[in-house]
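As structure tokens, the structure follows; a few thoughts come after it.
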Amino acid sequence: MLYVGVKEARRRFSELLSRCERGEEIVILRRGRVVSRLVPPGRPVGGSGFPSMAAFRRRIGRQGTSFATLQRKDRDAR
């Protein structure tokens, strides 16, 4: 893993991208704090990421009346 400052990253961006393509991870710092990471393509970026909406819907299931039905009832009441 290579750590570089923002200014250096700007000057050497093409080189850093080439190194990243070869599998190296590049961490970009601003004033000593991590602000970005360049990771090789296809490599997990960390964390589990966001689940798909389909998986979310399956997990919560259907409960009660659908929003569309509630909206229709509200329109009809007006």
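The values are calculated or read from the model by the stated rules, or taken from the named source; none is laboratory data. None of the values given here were measured: they were computed from a predicted structure. Every residue, glycine among them, receives a Cβ derived from its backbone with ideal geometry; neighbour counts consider all protein chains shown.
Conditions: (1) at pLDDT 90 or above; (2) surrounded by fewer than 11 Cβ atoms within 10 Å (Cβ to Cβ); (3) outside any helix (DSSP H, G or I); (4) hydroxyl-bearing (Ser, Thr, Tyr). Ser36 meets all but one. Number of the miss?
Failed condition: (2).
Yes/no matrix, rows are residues, columns are (1) over 30 Å from Arg10 (Cα atoms); (2) modelled with pLDDT under 90; (3) in a helix (DSSP H, G or I):
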site	(1), (2), (3)
Glu24	no, no, no
Pro40	no, yes, no
Pro44	no, yes, no
Arg59	yes, yes, yes
Gly64	yes, yes, no
